[in-house]
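Visitor: I'd like to ask some things about the structure below.
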Amino acid sequence: MKQASFFVWSTLLALVASTVAWLPGAVIMPRGVVLQLSRSPLPCHEDGGIVAPDTTDVVPPSISRRNLFRVSLVSAIGVGCGNSYGIQALAAYTIDKVDPNEYDIYSTAQNLPGRLRVLWIGSGAMDVREGGARSGVYKNLFRAGNDVTAVDLLSPKLTDLRDAKTYAAQQGYKLHFQKGDATKLKFEEDSFDVVVCSLFLCQDFDPAVVVSGIQRVLKPGGQFGFYEHVEDIDRVVVGKVFGETSIIKLQAYPEKQNILAGVVRKA
């Protein structure tokens, strides 16, 4: 009798979900808890996905209305067939609906006491000094007193590197460059206080490999700040590597720009 009753309720939920799936507009999930309707990871950031509330600090992952219908139906069928599919409540993390600011992300990542050893991945040519495309050196992203190691697969011109080091020194921090492959970071484990990157994880490699390497070289308690136009990069940084408890902030405002940014801390 209990199983039959649960099947009825599951079927009703599937019907509700199927109705919601085809309604216009966004669906907003409840604060802090999301229903897991199957064993599969909740899909996110698809067209028509859930909009995270902008007034909380805990927003569940986005899920498209059509996928909500699909997993609801599968869940209901699974319960009816007597297998272990069911409805489980689980804690969810949020992506704040905030227009990400690169300076703010780097500042938060470097918000640790003392002189910090910072790894800057994907530093680029360091040749652009003005405008929106200027190098991170000339965006004043690094805190005075820190020691910054820039890594890129291609070396900047000697004159550009010299000028960048001079500018960094004027801002009060030391800048070094080391040619290297981000998928094979050749630094010791637990060697950096902070790692940062911008518009880098979208390249032709597995971002999980790079982020796993970042976690390896971070010291316990160290922080990783990222500013990326990969719309679901949180699924790699948080979902695959650092975990939900690592989150300091996650931000996105897709109506304004295609950027997802955040800061996480290594346990």
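The values are calculated or read from the model by the stated rules, or taken from the named source; none is laboratory data. Remember, predicted model here, so these are calculated numbers, not experimental data. Don't worry about glycine lacking a Cβ; one is built from the backbone with ideal geometry, like all the others, and counts go over all protein chains shown.
Visitor: For residues in region 178-204 being of a type in the set (S, T, N, Q) and more than 25 Å from Asn111 (Cα to Cα), which is modelled with the lowest pLDDT?
Guide: Among those residues, the one meeting the criterion is Gln203.
Visitor: Please give the number of the condition Ser246 fails out of (1) on the phi < 0 side of the Ramachandran plot; (2) over 13 Å from the mean Cα position of the chain (by Cα); (3) of a type in the set (Gly, Ala, Ser).
Guide: (2)
Visitor: Go through region 218-241 and count every residue that is among the hydrophobic types (A, V, I, L, M, F, W, C), under 10 Å from the mean Cα position of the chain (by Cα) and not in a strand (DSSP E or B).
Guide: 5
Visitor: Pick from Thr108, Thr94: which is modelled with pLDDT under 95, closer than 23 Å to Ile247 by Cβ and of a type in the set (Ser, Thr, Tyr)?
Guide: Unique residue meeting the criteria: Thr94.
Visitor: Do the conditions hold for Leu141, that is, is it crowded, with 18+ Cβ neighbours inside 10 Å, touching a helix residue (DSSP H, G or I) at 6+ places or on another chain (Cβ under 8 Å) and within 17 Å of Val264 (Cα to Cα)?
Guide: no
Visitor: Filter region 89-128 for residues that are under 16 Å from Arg265 (Cα atoms), crowded, with 22+ Cβ neighbours inside 10 Å and small (Gly, Ala, Ser) and give the result.
Guide: Once the filter is applied, which keeps residues that are under 16 Å from Arg265 (Cα atoms), crowded, with 22+ Cβ neighbours inside 10 Å and small (Gly, Ala, Ser), region 89-128 yields only Ala109.
Visitor: Please enumerate the residues belonging to region 166-185 that are part of a helix (DSSP H, G or I), touching a residue at least 12 places away in the same chain (Cβ under 8 Å) and surrounded by fewer than 19 Cβ atoms within 10 Å (Cβ to Cβ).
Guide: Across region 166-185, the qualifying residues are Tyr167, Gln171, Thr183, Lys184.
Visitor: Let me ask something additional. Across region 254-267, what is the total count of residues that are surrounded by 17 or more Cβ atoms within 10 Å (Cβ to Cβ), over 8 Å from the mean Cα position of the chain (by Cα) and farther than 16 Å from Gln110 by Cα?
Guide: Summing the residues that are surrounded by 17 or more Cβ atoms within 10 Å (Cβ to Cβ), over 8 Å from the mean Cα position of the chain (by Cα) and farther than 16 Å from Gln110 by Cα in region 254-267 gives 1.
Visitor: Could you please find all residues in region 129-162 being free of Cβ contacts under 8 Å to residues at least 12 places away in the same chain and in a helix (DSSP H, G or I)?
Guide: Selection gives Leu158, Thr159, Arg162.
Visitor: Select from region 188-217 the residues that are out of contact with any His (no Cβ under 7 Å at 6 or more places or on another chain), outside any helix (DSSP H, G or I) and surrounded by fewer than 16 Cβ atoms within 10 Å (Cβ to Cβ) and list them in ascending order.
Guide: Glu188, Glu189, Asp190, Ser191, Gln203, Asp204, Phe205, Asp206 - these are the residues of region 188-217 that are out of contact with any His (no Cβ under 7 Å at 6 or more places or on another chain), outside any helix (DSSP H, G or I) and surrounded by fewer than 16 Cβ atoms within 10 Å (Cβ to Cβ).
Visitor: Considering only residues that are under 16 Å from Arg216 (Cα atoms) and surrounded by 16 or more Cβ atoms within 10 Å (Cβ to Cβ), which ones fall in region 240-253?
Guide: Val241, Phe242, Ser246 - these are the residues of region 240-253 that are under 16 Å from Arg216 (Cα atoms) and surrounded by 16 or more Cβ atoms within 10 Å (Cβ to Cβ).
Visitor: If you take the residues in region 88-128 that are more than 20 Å from the chain's Cα centre (by Cα) and part of a strand (DSSP E or B), which one is nearest to Leu158 (Cα to Cα)?
Guide: Out of the qualifying residues, it is Arg117.
Visitor: Mind listing whichever residues of region 239-250 are touching a residue at least 40 places away in the same chain (Cβ under 8 Å) and either in contact with a helix residue (DSSP H, G or I) (Cβ under 8 Å, 6 or more places away or on another chain) or basic (Lys, Arg) (or both)?
Guide: Glu244, Ile247, Ile248, Lys249, Leu250 - these are the residues of region 239-250 that are touching a residue at least 40 places away in the same chain (Cβ under 8 Å) and either in contact with a helix residue (DSSP H, G or I) (Cβ under 8 Å, 6 or more places away or on another chain) or basic (Lys, Arg) (or both).
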